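Data block below; observations after.
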Amino acid sequence: MPRVNNKRVSRISPPIVIVGALLAIVVAAGVALMFTKSEPKTDAAIVPRAARVERVEGEVGIARAFAGEELSEPDWTEATINAPLTVGDRIYAKEGSRATLAFSGRNYARLDPGASLDVLSLADRRTQLALRNGSAIFDLGDLSDEDFFEVATPNGAVEFDEPGLYQLGFDDSGNTLISVLSGLAQVVGLAGSGEIGKGEVLTLLGQTAAQAVVSRIAPDLAGGIVDDYYDYRYDDYDGRYRDYDTYLDDPDYYDPYRRSASYQYVNSYDVPGVYDLDYYGDWTEVDGYGHCWAPRVDAGWAPYRNGSWDVDNVWGPTWVSQEPWGWAPYHYGRWAHVNNQRWVWVPDRTSSRPVYSPALVAFVPLRQTNQIAWVPLAPGEQYIPRYYNASYEPQYIAPVEVVNRYVSVQRTYINMSVPQAVTVVPAQHFTEVIEPGSVSYLNHQYTSQAQPVLDPYAVDSVRQIAMARRGGKFKNRDKFRVGQDFDRVLNTPVVASVAPVVPPTHENFAQAFQVRPASEKQRKNRLKLERNGQVISQQRAGKGVGINYPASSQQTDGSFNAQERGQRKAALKAQAAQGDQTARVELKQLRKQEKQQRRGIIPAGQAVPAQQNQAQVERQTRQERKALRRLDRPQQEVRPGVPQKHGAASQTVNPRKLERQQMRQQRRLQQVQQPAAASQQTQIQQQVRQQRKAQRQAERQQRRMQQPAAVPQQSQQQAQIKQQMRQQRQQQRQMQQMQQRQNVYAAPQAAQQKQSVMTQQTDKAQRRAERRATRQQQAAQQQAAAPQVQRQQQPAAQPAQNDRAQRKAEKAARKAGRGNQ
């Protein structure tokens, strides 16, 4: 709330202040009334949101909760990339498996082997998760003051207050460990709340978290955890974060917003997977749409065709793409077919916070057929956010007038006129990965008469598939099996700082998921943080979580030192308060051992501090000297039957009694001497061990001095090999991308060449036909003009013929005259 300048207010007269206040109230009421009429009366918590399964390695399963049904019996299926995670969903990575989740464009989580994560709440600027088993790393790059990001655990809730890198896990005793590699975290337990910063590890002891121990994390261990995470996440990682200080100096070096060109055109942190568009497509300027993204695909490709449909989602049937880039273009923005040549994705630029959609398509009812059809929505065509109840009835998150305008009225969809834009598949293949051979297309006549709908469950075949899926009649080919022990883990109660915010369809959500919100008093109480000053320098194998006590603080025989004993007692007290009989027995044993140590009675195999060993040796020495002094005392002469004086009383000395007394003194002396000898022997053994240890250390030091460059050279060679492998992978990706580009560009070029050849052949045929027609026309004209030419030539030829005949006659007469002569 903004501060008010009291001095400035005091100078204004009271009547003016009252009038101004009344006017402000009236104006505020008018504005509120205006916005109440224009904006829908909806809860921001039920705005559709989903996290993306970005990467899967090994066996990873997802369990979805049906709306209005019992949530404690999940139905597990195999997880795939681009699978959505919404409220009530669970994800589990078996041993040897990992998975990466993207909650937005900059907030991620990596599940380590054996980890399970529940989605308690996904709302506007609100994310609540539950970690019940294993360990996970949370990478938060975008976290404003208005955002709420929390992870509930069985021992308490962890709220991340600043962007950073955090690691959560459990030790062998079930205690929760929170490692803050960078950032700031708030821990809320049933005993109060506390705060830890970067470089610290907080251990919540026991389910009540009555005691919290804060330790420091060694820079080498922190650098190793950061290096492992970034090497797993980024293919072009160069290993710079092995130095923890380098990470703290520049933790945003690999931030996608600093390197990705696609974020220049999307410009929203809420859209996951935008950086994938850089590797699988190109941005181009399109008239009327601005910058659009065109995927590098084969000819004849269309959106919403390479994937499957998930009908178990509270937001409705959700498209799960098989394409590696298939998240942002299928849940945000629209698709347009430009220049009758290719498809382009048009991002949503009308809102600073785009709204997630399960699938931006319209379904085409096909009556009297066992097929299902859909078409992508074009830019400008509205999608009304909604969720579905147990009866598959849509609950629209919009005013009634908007619903009546866009849902209840039949509309003409632009992409219906695009050839082969409508995808048609058999109903039995709707929830399976769509194969090219199972896709068919609508003819132009039916397409022009079809009436698509925005509600998929308005199509009878889609509703029947969803009902069969919920009733268990649907055959699930991707069944994922978990053990009975893991079912017990899922029922472990977790502590959250506040109750999760869920859609109305999940009324008994908190009870079914065993979520216990902390009270306001518990949140206000300050948690007593014990900063023990220890530095954690090791991690558990395969978990990546720092252990709660360093190995150097434990004795070689498995005993605890004084500080560890106090921490262990506090944890056992908390468990005993919950009714754990085993914890009570162990607590009694620890107390008994403490009493024995104080008395100097050391049990076999139990190590004690050096001060206690020295005190025991001195005590034994004093007892030995006392016994020797008794033996050195001069003995009085013993005479049988003669009374002897001892003090004020006299008594008769019995020789047998005196003999027994001497024997008892000798036994006492032996008993005193034996512990001393044993103690002396123990000291000798310790000295021998120390000498051997010093000798081994000297040998190791000598070997290091003899070969000073072996280890650096070996590490350097390993780094070079690792760098070469990264370069090879990068070259392979570049070659694949170049090959894809060549395939994409080769297809249009081949088509253009083929079209040019056909055009040339057509031109030649046309020219031949034209020449043939010209010759035929000339021949016809000549035939028509031949009689007239003959008539014209006949009068001119007749005199010539007469002359020739006359000459022939004259010649014949001359020949005849010569013959007569």
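The values are calculated or read from the model by the stated rules, or taken from the named source; none is laboratory data. Since this is a predicted model, take the numbers as computed values, not measurements. With ideal geometry, Cβ positions are generated from the backbone for all residues, glycine too; neighbour counts draw on all protein chains shown. Note: accessible area is taken over every heavy atom of the protein model, side chains too, but ligands, DNA and RNA are not part of it. Shrake-Rupley method; radii C 1.70, N 1.55, O 1.52, S 1.80 Å.
Once the other residues with Cβ under 12 Å from the Cβ of PRO303 are scored (Lys, Arg +1; Asp, Glu -1), what is the net sum? Intermediate values should be presented prior to the final figure.
Working: positive: ARG305, ARG334, ARG342; negative: GLU323.
Charge balance near PRO303 sits at +2.
Take the Cβ-Cβ distance between GLN589 and VAL535 as r, set R0 to 22 Å, and report the resulting FRET efficiency rounded to the nearest 0.05.
Calculated value: 0.15.
So for the pair GLN716, LYS754, with labels modelled 7 Å out along Cα→Cβ, what separation do we get in nm?
Taking the simple label geometry, GLN716 and LYS754 are separated by 5.8 nm.
Quote the Stokes-Einstein diffusion coefficient, in whole µm² s⁻¹, for segment 302-405, based on the Kirkwood radius over alpha carbon pairs, a temperature of 10 °C and a viscosity of 1.306 mPa s. Don't skip to the answer; put the middle values down first.
On the way: Rh = 15.2 Å.
Estimated diffusion coefficient is 105 µm²/s.
Given a Förster distance of 35 Å, report the FRET efficiency between ASP220 and ASP298 from their Cβ-Cβ distance, rounded to the nearest 0.05. Write down the numbers at each step before the final one.
On the way: r = 50 Å, r/R0 = 1.42.
Rounded to the nearest 0.05, the efficiency is 0.10.
May I ask you to derive the FRET efficiency for ASN508 and THR369 from their Cβ-Cβ distance with R0 = 51 Å, giving the value to the nearest 0.05? Intermediate results must be reported in sequence, preceding the final value.
Details: r = 40 Å, r/R0 = 0.78.
So the FRET efficiency works out to roughly 0.80.
Could you please report the charge total around LYS808, scoring K, R as +1 and D, E as -1 over all other residues with beta-carbon less than 13 angstrom from its beta-carbon? Walk me through the numbers before you get to the answer.
Working: positive: ARG804, ARG807, LYS811, ARG814, LYS815; negative: ASP803, GLU810.
Spelling it out: positives minus negatives among the neighbours equals +3.
Ordering ASP276, ASP763 from largest to smallest accessible area (1.4 angstrom probe), what's the sequence?
Values: ASP276 25, ASP763 60 Å².
Sorted descending by solvent-accessible area, the residues read ASP763, ASP276.
What is the Cα centroid distance between segment 251-293 and segment 314-386, reported in whole angstrom?
Cα centroid to Cα centroid, the span is 19 Å.
Under a crude label model (7 Å from the Cα following the beta-carbon direction), how far is ARG125 from ALA765 in nanometres?
6.8 nm
Multiply the residue gap between ASP142 and ARG233 by 0.36 nm, knock off their C-alpha separation, and tell me the result in nm, one decimal place.
31.0 nm
Provide the net charge surrounding TYR289, with neighbours chosen by a C-beta distance below 11 Å and charges set as Lys +1, Arg +1, Asp -1, Glu -1.
Numbers: positive: ARG334, ARG349; negative: GLU285, ASP287.
Cβ neighbours under 11 Å give a net charge of 0.
Express the relative contact order of segment 209-295 as a whole percentage, based on alpha carbon pairs under 8 Å and six or more residues apart in sequence. Spell out each step's value before the answer.
Numbers: 62 pairs, mean separation 14.1, N = 87.
Taking the mean separation of contacting Cα pairs over the length of segment 209-295, I get 16 percent.
Using 0.36 nm per residue, how much length does the chain from VAL409 to GLN395 gain when fully extended, once their Cα-Cα distance is taken away?
3.3 nm
Give or take rounding to whole Å, what are the principal axis extents of the alpha carbon atoms in segment 172-255, in descending order?
The Cα atoms of segment 172-255 stretch 44, 25, 20 Å along the principal axes, largest first.
Using amide H atoms built in the peptide plane, which far-off residues or other-chain residues are under 5 Å from VAL498 H to H?
Residues meeting the criterion, in which the H sits 1.01 Å from N, are ALA518.
Quick one: which residues, 5 or more positions from ARG126 or on another chain, have an amide H under 5 Å from its amide H? H modelled 1.01 Å from N in the peptide plane, none for Pro or chain starts.
Counting only residues 5 or more places away or on other chains, the set is PHE148.
Taking the full set of protein chains and a 1.4 angstrom probe, give the accessible area of ARG132 in square angstrom, rounded to the nearest 10.
Spelled out: ARG132, probe radius 1.4 Å, area about 10 Å².
Starting from the Cα of ARG526, step 7 Å along the direction of its Cβ; do the same at GLN701; then give the gap between the two resulting points in nm.
Those two pseudo-labels are separated by 4.7 nm.
Counting only the heavy atoms of the protein chains, how much of ILE384 is accessible to a 1.4 Å probe, in Å² to the nearest 10?
10 Å²
So how exposed is ARG531, as accessible area in Å² (1.4 Å probe, rounded to 10)?
For ARG531, the solvent-accessible surface is approximately 130 Å².
Between GLN666 and GLN781, what is 0.36 nm times their sequence separation minus the Cα-Cα distance? Round to one decimal in nm. Spell out each step's value before the answer.
Values: separation 115, 0.36 × 115 = 41.40 nm, distance 15.82 nm.
This chain segment gains 25.6 nm when fully extended.
Largest first, what is the accessible-area ranking of LYS588, LYS764 with a 1.4 Å probe? Present the calculation step by step, with values, prior to reporting the outcome.
On the way: LYS588 145, LYS764 105 Å².
Largest to smallest exposure gives the sequence LYS588, LYS764.
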